[in-house]
Amino acid sequence: QVQLVESGGGLVQPGGSLRLSCAASGSRVSLYTVGWYRQAPGQQRELVSAITRRGDQSYADSVKGRSTISRDIAKNTVYLQMNSLRPEDTAVYYCNARTFGINVWGQGTQVTVSS
């Protein structure tokens, strides 16, 4: 079973950038659709971006043009590069890996966008 560990969150000023990492162990990340989700206080968890086993990428409208999801097979890691960050991007960001009968979450990493 795959395990996921997120990192890269932190405090950043509006307009800044962060790169989130989702390091996988126990299985190859390329066997899964891997998604980045976020949850702000009092809000439902929402899908931000995903990359399929084939490498197809998708983005929520709220981050499209500002974010890039990528995958490093050698490092078994999925990244989310976020640019032009806004206060409304503040949330806990979670990594998720899913395939047939498997749905695994990481512990999350906090992103705070504030001046």
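Overview of values
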quantity: FRET efficiency, Gln57 to Val5 (Cβ-Cβ, R0 25 Å, nearest 0.05); calculated: 0.70
quantity: Accessible surface, the chain, averaged per residue in Å² (probe 1.4 Å); calculated: 53
quantity: Mean shadow area of the chain, taken as a quarter of the surface of its Cα convex hull (nm²); calculated: 6.7
quantity: Region 11-21 - phi-based ³J(HN,Hα) in whole Hz, Karplus 6.51/-1.76/1.60, Gly and Pro as x; calculated: 9, 9, 7, x, x, x, 10, 9, 10, 8, 10
quantity: ³J(HN,Hα) computed for each position of region 41-55 - Karplus, 6.51 cos²θ - 1.76 cosθ + 1.60, integer Hz, glycine/proline x; calculated: x, x, 10, 6, 5, 10, 6, 9, 7, 8, 9, 7, 4, 6, x
quantity: The chain: relative contact order as a whole-number percent, Cα under 8 Å and 6+ apart; calculated: 37
quantity: Coarse-grained scattering of region 13-81 at q = 0.21 Å⁻¹, given as base-10 log I(q)/I(0) from a Debye sum over alpha-carbon atoms; calculated: -0.92
quantity: Accessible area of the chain belonging to carbon and sulfur atoms, whole % at 1.4 Å probe; calculated: 47
quantity: Cut-off 17 Å, label 7 Å out along Cα→Cβ of Ser84, residues of region 1-41 by amide N; calculated: 13-19
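The values are calculated or read from the model by the stated rules, or taken from the named source; none is laboratory data. Small disclaimer: the values here were computed from a predicted structure and weren't measured. All Cβ positions, glycine included, derive from the backbone under ideal geometry; neighbour counts span all protein chains shown. Calculation scope for accessible area: heavy atoms of the full protein, side chains included, ligands and nucleic acids excluded. Shrake-Rupley method; radii C 1.70, N 1.55, O 1.52, S 1.80 Å.
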